[in-house]
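Written out below as structure tokens is the structure these notes cover.
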Amino acid sequence: MAQSRPEAGKNAPHEGTCLLLGYRPDLFGEYPRHDAVGKLDQDGRAQAAVGPWHGDLIRKLPDDILGCILSLVGYKYAVRASATCRRWKDMHLQAPHVWLYTVSRGAGATHSMERMLRRRRRVQRLRVVYGADVPAQRECMARLIELADAPALEVCAECTDKGLPEGGAGGAWSLEVPPSTAELTLWTSDFAIRLPTIHGAGVSSLKTFALEARLTLRWDTLAGLGFPSLEDLSIADCTLAAGSGMAVSSAAMPRLKHLRVTNVTVDDAGRPGSITVDADELTTLHMSTPYPRAGHIVYSSVHLRTPKLRVLSCRVCWACEVRVHSVGRLSSVAVELAYGEMPRIIPEKIRTITKEEAHGLMRSILAGLWPGLRHQGVALKQLLGYVYYY
């Protein structure tokens with residue numbers, strides 16, 4: 001049942017403040033259908049029929065645009081494209097982004113990659129895809145990263161043996177960050193790959209770190225990552241260990257300002273994990289769990305101590321307890337909670353979240369956020385009137 005929106009007046013929030021509070025029973029449903037996709041396809045075909053191409057337009061593009069086009073493909077295909085005509089000769093050396101794929105490549109291919117990096121003056125972004133369970137590819141990956149010394153680095157670790165147990169892909173390994181790297185993205189494709197020990201001259205100057213990996217997080221996982229200058233942290237597609245959790249603190253990242261937690265699941269529904277954020281300088285926090293995994297995720301607790309927080313977006317399935325210890329002067333708040341019958345994975349028991357339970361949790365969250373919402377000039381009971389059922 002949807003509630004009507006209150007009229008604007010002295011009891012309404014100040015203009016310029018975004019406040020979205022609601023419950024979503026459709027979070028457990030199916031994806032909405034986007035009929036506009038078909039219309040866009042039809043429009044695209046009509047425009048293509050009206051304006052046909054005349055000649056080879058790609059060859060007429062400037063060199064910087066051609067270099068950006070070659071950045072979209074792997075190194076092997078960029079070299080082949082550079083050999084198509086004289087003007088494109090060595091064009092792959094001007095591509096700002098370099099994508100090196102070392103899985104199932106021979107020694108000759110890796111030596112060619114190293115020679116290419118030595119000939120280049122600068123690489124803006126380097127992406128390396130390699131087999132984490134193959135020691136030779138690990139060594140090759142380390143050499144390529146050192147030669148490129150790129151400001152932005154993406155490391156994609158794959159597992160060639162799909163039958164390995166958790167953490168069994170070659171054991172512990174390390175990742176050395178070059179001194180010029182300010183942005184690091186780490187991808188892993190299998191739970192058999194452990195989180196590496198990140199070290200090197202670039203660790204102290206790293207500004208952005210994105211961890212998008214199939215990893216099992218425990219309390220000490222992120223605490224071991226010491227990034228003194230890190231300002232932006234993204235964590236996605238990870239799993240919380242049974243009975244454990246994830247902790248982001250100022251002790252390891254004292255300058256952290258922006259945090260995004262996306263699609264972090266739980267290992268055992270019977271012993272759900274928890275999330276703790278204790279960051280003195282954090283200003284924006286986004287937590288979301290998209291469908292369909294959202295329906296199977298229940299956190300035991302979520303604790304927030306963020307005295308400078310200004311923007312909060314929390315769209316999770318359910319948490320048994322949410323405690324907000326401190327927040328700043330909030331300018332944007334979006335909180336969505338699910339209720340209704342939750343889907344289950346056999347042999348889990350069917351669980352139903354009532355509207356009363358969702359309302360009680362929302363009230364608890366608003367009570368914790370109230371010090372940061374007080375400047376709106378409305379009482380806590382009046383804020384509950386801005387909660388809607390979608």
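The values are calculated or read from the model by the stated rules, or taken from the named source; none is laboratory data. Please read these numbers as outputs of a predicted model, since none were measured by experiment. Virtual Cβ from ideal backbone geometry, glycine too; neighbours counted across all protein chains shown.
Every residue, every condition in (1) under 15 Å from Ala319 (Cα atoms); (2) surrounded by 16 or more Cβ atoms within 10 Å (Cβ to Cβ); (3) in contact with a Ser or Thr (Cβ under 9 Å, 6 or more places away or on another chain), yes or no:
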| site | (1), (2), (3) |
| --- | --- |
| Ser234 | no, yes, yes |
| Asp237 | no, yes, yes |
| Gly243 | yes, no, yes |
| Ser249 | no, yes, yes |
| Val261 | yes, yes, yes |
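Would the range 72-94 turn up any residue that is at pLDDT 75 or above, acidic (Asp, Glu) and closer than 26 Å to Glu114 by Cβ? No: the range 72-94 contains no residue that is at pLDDT 75 or above, acidic (Asp, Glu) and closer than 26 Å to Glu114 by Cβ. Among the residues of the range 298-310, the ones that are more than 19 Å from the chain's Cα centre (by Cα), under 16 Å from Ser288 (Cβ atoms) and part of a strand (DSSP E or B) come to 1 in all.
Tell me yes or no: at least one residue of the range 188-203 is touching a residue at least 40 places away in the same chain (Cβ under 8 Å), among the polar types (S, T, N, Q) and surrounded by 16 or more Cβ atoms within 10 Å (Cβ to Cβ). Yes, because at least one residue in the range 188-203 is touching a residue at least 40 places away in the same chain (Cβ under 8 Å), among the polar types (S, T, N, Q) and surrounded by 16 or more Cβ atoms within 10 Å (Cβ to Cβ).
Yes/no per residue for (1) in a strand (DSSP E or B); (2) of a type in the set (D, E, K, R):
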position: Arg118; (1), (2): no, yes
position: Val123; (1), (2): no, no
position: Glu146; (1), (2): no, yes
position: Cys156; (1), (2): yes, no
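Any idea how many residues of the range 204-228 are closer than 20 Å to Leu153 by Cα and either among the basic types (Lys, Arg) or surrounded by 16 or more Cβ atoms within 10 Å (Cβ to Cβ) (or both)? Summing the residues that are closer than 20 Å to Leu153 by Cα and either among the basic types (Lys, Arg) or surrounded by 16 or more Cβ atoms within 10 Å (Cβ to Cβ) (or both) in the range 204-228 gives 13.
The set of residues from the range 217-232 being farther than 20 Å from Ala319 by Cα and assigned to a strand (DSSP E or B) comprises just one member, Asp232.
Regarding Thr289, is this residue modelled with pLDDT under 85 and within 28 Å of Gly372 (Cα to Cα)? In short, yes. Reported count of residues in the range 311-349, each being part of a loop (DSSP other than H, G, I, E, B) and either more than 14 Å from Val277 (Cβ to Cβ) or at pLDDT 85 or above (or both), is 17.
Filtered by the rule that a residue be at pLDDT 85 or above and within 25 Å of the chain's Cα centre (by Cα), the range 115-137 gives Val123, Gln124, Arg125, Leu126, Arg127, Val128, Val129, Tyr130.
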